[in-house]
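Reading through the structure tokens given below for one structure.
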Amino acid sequence: MHRDVEVAALSISEDAGTIQNVERVFSIQHMPVGTVRSGALDGKAFRNWWKGRSIPEIRTGVRDVLEALDVDSTLILVERSMGLSLSDQYWIRPDGSDVAWKDVNYFDNAFSEDIGDMLFGMGRVSDDLNLSSPDNTSDGVLKKRWKIINDGRYLIKGGSGQVMQEPFNEVIASIILDSQGIDHVPYEMLWIDGLPYSACKDFITRDTELVTAYHFCNQVPRRNDESLYSHFCRLSEEVGLDATLFLDRMLAMDYLMVNDDRHLGNFGLVRDAESLEYTGFAPIYDTGTSLGCKAITHRFEESIPSECRPFKKTFDEQIELVSDLDWFDIGAMESSMDSIEDILDENDFIGSERKGKITALLMDRMGKLSARL
């Protein structure tokens, strides 16, 4: 189902949650982006899209959930929660059911926190366990969950390792992006049981949906003489959008933050779920894996990654794709450093030595970026 549009009839394994067969396609135009090639369903791409809807099995805490529920795959959790998500309007409806989108979608209806509690090590299996949760369709490796706060849908994400740096990086990225007037998802700090988390409100609504760059680029084979960057720009132009300004800002900010995890799954476009027309690029989000968060403090400088994603292998190569930096406001960036240092001071898991190294890294990258003006 796509909202209330019947898209395809499927048979799904109750034991594994995998798609066994696509019995019939009712609406090819409403199939998920990237699953149709030359006007026909690409079965392999569709199965990969479905698999990508599940929690990665390497996610922190997910093995405990599977063992507690006595299931073998996170895809079973997707099937049992009707595949509902807070990133798009797709779901599966049992054969013979007349349940409507308005009655089940998580944008308008409450959802269970049982799975989120278990993923955070706060819950336990019980006879009345409710699996109706968008947590079953959240991607990424870091600990995360959805919560309803003041009627808004918020994604709560944790950190990793001993320094728990990722949530602070998300807030730092928000400060920097604010200073440059760049459209982004705002993150704020949230503390739960003494541990730091970042919290952001869902930027997708009941009327829109996210199409990742991965699925967007998979609609059409890339030409032999075409780079991935050019491929993305060309497809964007074909739907009436100019990707240059968006990519200039995203790649420059990733260079500044030394974000080496900007893969095709964590940026993309937003489209209207009814008209299927693209309304623009998604605000910049998911910048937590940055600022040397995986580096050991006493070897911090030499551990800063030089390799990056998604378009080039290194930051030095990728920043060359940026066509214009006249918009970069060095003064506003310098003025934001006090707020950044205040955020770092909130992290008791990071000592003063590491805080100084992170600040020095940002100042160094800022200098290199401004030198390109």
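The values are calculated or read from the model by the stated rules, or taken from the named source; none is laboratory data. These figures come from a predicted structure and were not determined experimentally. Ideal geometry is used to build each Cβ from the backbone, glycine not excepted, and the neighbour counts take in all protein chains shown.
For Ser73, indicate whether it is closer than 21 Å to Met118 by Cβ, in contact with a Ser or Thr (Cβ under 7 Å, 6 or more places away or on another chain) and of a type in the set (Gly, Ala, Ser). Outline the logic, then answer.
Working: closer than 21 Å to Met118 by Cβ: yes; in contact with a Ser or Thr (Cβ under 7 Å, 6 or more places away or on another chain): no; of a type in the set (Gly, Ala, Ser): yes.
So Ser73 does not fit the description; no.
Condition check ((1) of a type outside the set (A, V, I, L, M); (2) in a helix (DSSP H, G or I); (3) closer than 26 Å to Arg145 by Cβ; (4) touching a Gly at 6+ places or on another chain (Cβ under 6 Å)) across all residues:
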{"residue": "Asn21", "(1), (2), (3), (4)": "yes, no, no, no"}
{"residue": "Gln29", "(1), (2), (3), (4)": "yes, yes, no, no"}
{"residue": "Leu66", "(1), (2), (3), (4)": "no, yes, yes, no"}
{"residue": "Leu84", "(1), (2), (3), (4)": "no, no, yes, no"}
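Would it be correct to say that Gly194 is on the phi > 0 side of the Ramachandran plot, among the small types (Gly, Ala, Ser) and in the same structural domain as Asp326 (by TED's automatic domain parsing)? No. Taken together, the residues in region 306-355 that are in a loop (DSSP other than H, G, I, E, B), touching a strand residue (DSSP E or B) at 6+ places or on another chain (Cβ under 9 Å) and modelled with pLDDT of 95 or more amount to 3. If I filter region 161-174 for residues that are crowded, with 22+ Cβ neighbours inside 10 Å, under 18 Å from the mean Cα position of the chain (by Cα) and in a strand (DSSP E or B), do I get at least one hit? No: zero hits.
Residues of region 37-49 that are within 29 Å of Lys144 (Cβ to Cβ), over 16 Å from the mean Cα position of the chain (by Cα) and surrounded by 12 or more Cβ atoms within 10 Å (Cβ to Cβ): Ala45, Phe46, Arg47, Asn48. With respect to Asp254, determine if the residue is in contact (Cβ under 8 Å) with a residue 40 or more places away in the chain, out of contact with any helix residue (DSSP H, G or I) (no Cβ under 6 Å at 6 or more places or on another chain) and surrounded by 15 or more Cβ atoms within 10 Å (Cβ to Cβ). Yes; evaluated as a whole, the condition is true for this residue. Residue by residue through region 291-342, note down the ones that are among the acidic types (Asp, Glu) and under 23 Å from the mean Cα position of the chain (by Cα). Answer for region 291-342, where residues must be among the acidic types (Asp, Glu) and under 23 Å from the mean Cα position of the chain (by Cα): just Glu307. Can you pull out every residue in region 86-123 that is buried (at least 21 other Cβ atoms within 10 Å of the Cβ), in a loop (DSSP other than H, G, I, E, B) and modelled with pLDDT under 95? Correct list: Phe120 only.
Residue by residue, here is whether (1) assigned by TED's automatic domain parsing to the domain that holds Ser290; (2) in a loop (DSSP other than H, G, I, E, B) holds:
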{"site": "Met189", "(1), (2)": "no, no"}
{"site": "Gln219", "(1), (2)": "yes, yes"}
{"site": "Asn224", "(1), (2)": "yes, yes"}
{"site": "Phe232", "(1), (2)": "yes, no"}
{"site": "Ser236", "(1), (2)": "yes, no"}
{"site": "Gly240", "(1), (2)": "yes, yes"}
{"site": "Leu247", "(1), (2)": "yes, no"}
{"site": "Met253", "(1), (2)": "yes, no"}
